[in-house]
Amino acid sequence: MFRGQPLGWGPEWGTALWNFSGTNEHHLPLQIGDTVHILQALEDRGRCADDVSSPQGIFPVALIHLKGAHVKQKGAEENIVPAEMPMVQEITTTLREWATIWKQLYVMGQKERYGQVRRMMCELMERRSQLLSGTLPKDELLELKKEVTSKIDYGNKILELDLVVRDENGNILDPDRTSVISLFQAHRQATSMISKRIQEETCSQYSEQGCNARLASPSHNLYLCVRNFVCNIGEEAQLFTALYDPGQQKMISENYLIRWASTGVPQDIELLNNLKAIFTDLGSKDLKRERLFLVCQIVRVGRMDLKETYTRKLSTGLRRPFGVSVMDITDIIKGKCESDEDKQYFIPVHLVAAENDFLHNMIKKAVEGKEINHKGQGFWVSLKMLWGDLNQVRKDHPHLVDRSTVVVRKLGFPEIIMPGDIRNDIYLTLVQGEFDKGNKKTQKNVEVTVCVCDETGSMMQNVIFPGAGDKPSSEYRSVVYYQQRQQRWMETMKTSPDFVVLCLLAKDKSERIFSMAFVKLMRPDGTTLHDGEHDLILYKGFQSVASESWVLTASASRPMPKGAEETPATGPSLAQIPAPSVEPVVTDLEQQGDIRKLEDASSYLNLPFTRSLLESKTLSGSSFRVSGGMAGMGIPSRDSFQISTLVCSTKLTQNVDLLGLLKWRSKPNLLAGNLQKLMKVDGGEVIKFLQDTLDALFSIMMENSATDVYDTLIFDALVFIVGLIADKKFQHFNAVLEAYIQQHFSATLAYKLYEGKEKAEFQASLQQFFLTVNQLMKSTLEGTTLLSQGAALKYLPSILEDVFGIFDSSVLGCLLRDFIGNLPPLQLLKQKLQSLTDIVNSKIFQSYECREMLLHTTIPILRELIEKGEEEEACIELLSNILEVLYKAQKRKVKGHVQMILEQLLRTVNRRVIVLDQEHDLRLQVGFSEYGNILLTLCGALGSVFCAVLSMLTSPTGCFQPSLIWDPH
C-alpha cells in the first residue's frame, strides 16, 4: 500500500472513463466501466485503489469519475454501497452484465439477438438518465420504475440469466425479511408475466390473439394527425372530421373542426404541422362494429356560386357543400393492420356533382363507391390506436397526446363511466326540413341559424360549439343547398342543456324571417328533453321566444339571389319578438305578420312546439291563426322541420322516476312509488347521480325513523345501487362509493354509534343477524336456500373489518367458527374454501382469539380435502395464506398455532407430495411446488425442533424424502 493522504470524508466510489493498461507491476489495469474503491489519494501521482474483483494498484486520477458511497458492515465484512438510488444501481449492474453477453452475441454472429439486446440497453440508459435527472414527479417516477423493472426482467429471461424477484412496487425482495410463500408467489407471478410478454413478442403484433386482448380493454382511442390537405377550393373552408358507422348511417363521435384558409394552410398558422386529435370514449362495442369509417365533410365559405366573380353584387359568407373524404378504418380499429403514427394514408376528396348534393348522401355514396379520379386532391393523415383512459394515454404517449392535441369525444357516454367524468352537454342535430315555395316560381334557399338567448330575448355570446378544436361561437349557420324543397342537413353542434328553448327562424329574399319553430329543452316535470328525433311545428311569420331561464334559437334564412344588393346577414334583436296566443282557424300560408306588433314575449311559451303537443291540444284543421297582437301568424300544413337531440349530462336527468326520488320532499305522498321505481331506472342514469341518490335515501331513512314503512324499500334500493357498482361497467365507482361513506355519509344513527350511544342495541341486532345467517348455513335444502348460502359465503367476509371493532374478538371468532362449521361437510366446498381465504386475508385473522377459533375449524377441513386430493388449488391457496399471516405476526403469539398446523397437516402434506410423485412427472403436477414451499415454511418455522420433525418424517409411515421439500424447477 502506498503512503498518501487519506480521504477526508469517507469512502469514495469511482468508475473508469478510459482504458488503462498500466506500465509496471504496481499499476491497476482498467477498462471503461470498471468500478473501483478508492482508499488513498496521492497529490500528483494518482490514487490508490482496490477494485471490487482485482488486487490493489494505482492509476491516473483523470481516468476516474467519482461517486458518493457509504459503508455497510455485516459482521466483520465491509460492503461499499453507492449513494445512488437502488434502481439506478440495478440498471448499472444490469448494463454491465448485458454488455458482456452483447459482445459475445456479436462474435457468434447472432445479429437479430444482438440488435435486440442493443435496443434494450439503449432504452435502459435513457431511463437511467431520466432517473438521475431528479425532475420526475412521484407518480411518473413510480411508473418509470415499473417500466424499467419490466424491461430488466424481460431481458434477463431471454438472455437466460437469473430472475430477480420483486414486490408490487418493483423493489427487490429481501429473502431475509420475506417468507418462502411470498418469494415463491412473487417468482411465479414474475415468470408468468415475462412468459406472456415473450409470447406476445414472438407472435405477430396484429395476430387474432392480440386483437382479442385489445378488444378486452375497457377504453380505446384513435389518434389522428392531419399531415396535409391538398385541394383547389379557392375560398376558405371548414373541415369536419368524425367517425361514421355506415350500418347505422350516422356519426358516432363529435366533429373535429379545422378552419382552412384560401391560401392552403390552416387559418391559425400556429396549427401548421400540428393538427392532432384523439377520438376518445370508444368501447369494445364500437370496435366490434361491422365497419367504421373516418369521414371528413368539406364546406367552403364564401359565394353562392364559385363561378361568380367578386365584382358582382352577391351574398358572401355562405356555407356551401364542396365534397367529402372517407376512409375505411375497420382493420386499424380492430388491430388487424398496421397502426403507426409515422405511416401516412392518403384519403381522396369526392367533389359534389351538383349544387343540390347533400353531404350526408354523398358520404353514403362514397362509402359504397369505387375509386375516383381525385387528381391528387385529398388528405394525408396518420392514424394510431391507443389503449387506456385519456390520463393513461397522456402518460404512455406524451409525444403524441399533449396539451395541443384536440380531444374529440364520443356522442354519448362511454361504456365504462369513469369517476370525475363530469359533462353537461346536449348534441343538437339539424336533421331535415321541408319548405313549400307557395306562389313563388322557385324553391327557397334556406339557411338555418342557431343561437342562444336569455329570458329577455338577448342573444348569449359564445355558447355554441360547432366542433372540437374550434372556439365557441354565438350562432351556428347551416350549409345552404340550392333551391331544394326537402332539405337534409345532418349537422351536429354542441351546447348546454341548461338552455330551455330551441327555435328555427327562416327569412325571405330580403332576409326577413318567414318561418320559425322552437322546442323546449326542459320539460315541465324538470327533466330534460328526451333523446331522439323531434318533429317541430313551423310558425309562419316573425317570432321570438323568451323563457324563465335560457332560450336557444335557430333561424332559417334565404340567401340573396345573384345580382341582388348585398346585405349583412344579421337579424333584428330577439328581445322584440312577442309570444302570441293560439286560435285554431285556417289562414293563408303566405300571409306575413306585422313585425311592429311583435312586442309581447311573455306568453310565447304557451304555444305548442311539436306536432304531438299540437294534436294533444285538439286543434282542428291543418293550420290556424293566432289573433290579437300576433294576427296573421299560422302553421303551414305542408312545411315541416325535424331535429334530433342527445343529452350527455351528469347534472340533469331525463328520467322522471329518478327525479321524483331526488325531489321527494316536494311530493311525499309519491315516495313509496318512487322508491319502487328506482330499481327500474337505467343503471347509468343512477350512477351519474350516485351521491345525490344516496343522500336522498339516507335523508328519507332518518326523517322517517319513527316508522318502518320505508325501511324495506330503502334497503332494497341500497342493495340495487351496490349491485350496480359491482357490475363491470361501473366497477370504477367503487372508489367513489368508498369516498362517499368516508366523507359524505351523514346519518344520525351513525353519529350515535360513533359517540357510543345505542351501541349495545346495535351490537345485539348485529349479533342476531349473524346468528340468523349461521342458522341458515345448517340447511341441507337446495334451490333458493343453497343460493343464499353461497351468497353468504361470498359477501359476508367483505363486512368483517367494519364490524371488527363492534364485537369482542372471542365473540366474533365464535360466530365465524359456527358460520363455517354449520355448513354440511360436502356442501359448497369451493365456496367455503374461498370464504375462508377471504377471512384469513382480512384484519380479523390477525387477532389471536379469532385465529384460535378459526384454525380449529379450518385445519380439519384442509386435512380431509388434502388427503382426498379434492379442491387442491383452493386448499393450497388457503394454507399458504395462513402461513403468510403467521410469518408476519408476532412470533410469541404464533408458536402454538404453527405447532397445531404442524401436528395435523405436515404429515398429510408430505404424503400428498409422495402420491403426486408416484402418479405423474413432478414438473407437470399443479400443486407440487406449492406443497414444497408449504413444507419448507413449516420446517423453517419450527426452528429448534426441526431435527425432531425430520426424525418423525423419516419413520416408516412418514417415508420422508428430503428432495421433495423443494423443487428447483
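The values are calculated or read from the model by the stated rules, or taken from the named source; none is laboratory data. Worth saying up front: this structure is predicted, and the values here are computed from it rather than measured. Methodologically, a virtual Cβ is constructed for each residue, glycine included, from the backbone with ideal geometry; neighbour enumeration extends over all protein chains shown. Protein only, heavy atoms only, side chains kept; ligands, DNA and RNA dropped before computing areas. Shrake-Rupley method; radii C 1.70, N 1.55, O 1.52, S 1.80 Å.
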Any residue at all in the range 70-79 that is touching a His at 6+ places or on another chain (Cβ under 7 Å) and at pLDDT below 65?
-> no
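When you scan the range 323-397 for helices (runs of 4 or more DSSP H) that lie fully inside it, which ones turn up with 1 or more residues that are within 27 Å of residue 445 (Cβ to Cβ) and open to solvent by 40 Å² or more (accessible area, probe 1.4 Å)? Outline the logic, then answer.
On the way: elements: 330-333, 359-368, 390-396.
Filter on the range 323-397 gives 359-368.
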Restricting attention to the range 80-139, which residues are among the aliphatic types (A, V, I, L, M) and open to solvent by 60 Å² or more (accessible area, probe 1.4 Å)?
-> 83, 85, 107, 108, 125, 132
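If I go through the range 427-444 residue by residue, how many of them are in a loop (DSSP other than H, G, I, E, B) and buried (at least 22 other Cβ atoms within 10 Å of the Cβ)? Spell out how you get there, then give the answer.
Residues of the range 427-444 in a loop (DSSP other than H, G, I, E, B): 435-444.
Of the ones still in play, those that are also buried (at least 22 other Cβ atoms within 10 Å of the Cβ) are 435, 444.
Qualifying residue count for the region: 2.
Could you check the range 696-712 and list, in sequence order, the residues that are assigned to a helix (DSSP H, G or I) and either small (Gly, Ala, Ser) or open to solvent by 40 Å² or more (accessible area, probe 1.4 Å) (or both)? It would help to see each step written out before you state the result.
Going through the range 696-712, the residues assigned to a helix (DSSP H, G or I) turn out to be 696-703, 711-712.
696, 699, 701, 702, 703, 711, 712, listed by residue number.
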Counting only residues in the range 825-847 that are in contact with a Phe, Trp or Tyr (Cβ under 9 Å, 6 or more places away or on another chain) and assigned to a helix (DSSP H, G or I), the one most open to solvent (accessible area, probe 1.4 Å) is identified as 843
What is the one condition in (1) outside any helix (DSSP H, G or I); (2) modelled with pLDDT of 85 or more; (3) within 41 Å of the chain's Cα centre (by Cα); (4) of a type outside the set (A, V, I, L, M, F, W, C) that residue 870 does not satisfy?
-> (2)
Please name all residue pairs, on different chains or six or more residues apart, with Cβ atoms under 8 Å, provided the first residue is in the range 787-800 and is in a helix (DSSP H, G or I) and the second residue is open to solvent by less than 40 Å² (accessible area, probe 1.4 Å) and among the aromatic types (Phe, Trp, Tyr).
-> 792/819; 796/819
Residues of the range 802-824 satisfying the condition of being more than 17 Å from residue 853 (Cα to Cα), in contact (Cβ under 8 Å) with a residue 12 or more places away in the chain and open to solvent by 30 Å² or more (accessible area, probe 1.4 Å) = 806
Give the residues of the range 249-268 that are among the hydrophobic types (A, V, I, L, M, F, W, C) and free of Cβ contacts under 8 Å to residues at least 60 places away in the same chain, sorted by residue number.
-> 260, 261, 265
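Hey, does the range 943-954 have a residue that's in a loop (DSSP other than H, G, I, E, B) and at pLDDT below 75?
From the range 943-954, those in a loop (DSSP other than H, G, I, E, B) are 954; that's our starting set.
Those still in the list that are at pLDDT below 75 too: 954.
Yes, some residue in the range 943-954 is in a loop (DSSP other than H, G, I, E, B) and at pLDDT below 75.
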Working only within the range 439-453, note down all residues that are without any contact (Cβ under 8 Å) to a residue 60 or more places away in the chain and β-branched (Val, Ile, Thr).
-> 442
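Which of the following residues is closer than 29 Å to residue 220 by Cβ and aliphatic (A, V, I, L, M): 351, 306, 318, 359?
On the way: 351 fails: closer than 29 Å to residue 220 by Cβ; 306 fails: closer than 29 Å to residue 220 by Cβ; 318 fails: closer than 29 Å to residue 220 by Cβ.
Residue meeting the stated conditions: 359.
What number of residues within the range 465-482 are touching a residue at least 24 places away in the same chain (Cβ under 8 Å) and not in a loop (DSSP other than H, G, I, E, B)?
Here the count works out to 5.
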Residues of the range 398-426 being of a type in the set (Ser, Thr, Tyr) and surrounded by 20 or more Cβ atoms within 10 Å (Cβ to Cβ), which ones?
-> 405
All positions within the range 168-190 that are within 18 Å of residue 151 (Cβ to Cβ) and loosely packed, with under 13 Cβ neighbours inside 10 Å | 168, 169
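For residues in the range 445-464 being among the aliphatic types (A, V, I, L, M) and not in a loop (DSSP other than H, G, I, E, B), which is most open to solvent (accessible area, probe 1.4 Å)? Steps first, please.
Just the residues of the range 445-464 that are among the aliphatic types (A, V, I, L, M), to begin with: 446, 448, 450, 452, 459-460, 463-464.
In the following step, the residues that additionally are not in a loop (DSSP other than H, G, I, E, B) were identified as 448, 450, 452, 459, 464.
Details: 448: 0, 450: 1, 452: 0, 459: 78, 464: 2 Å².
Checked the range 445-464; the qualifying residue most open to solvent (accessible area, probe 1.4 Å) is 459.
For the range 465-474, does any single residue satisfy the condition of being modelled with pLDDT under 85 and open to solvent by 30 Å² or more (accessible area, probe 1.4 Å)?
So the first thing to find is which residues in the range 465-474 are modelled with pLDDT under 85, and the list is none.
No, every residue in the range 465-474 fails to be modelled with pLDDT under 85 and open to solvent by 30 Å² or more (accessible area, probe 1.4 Å).
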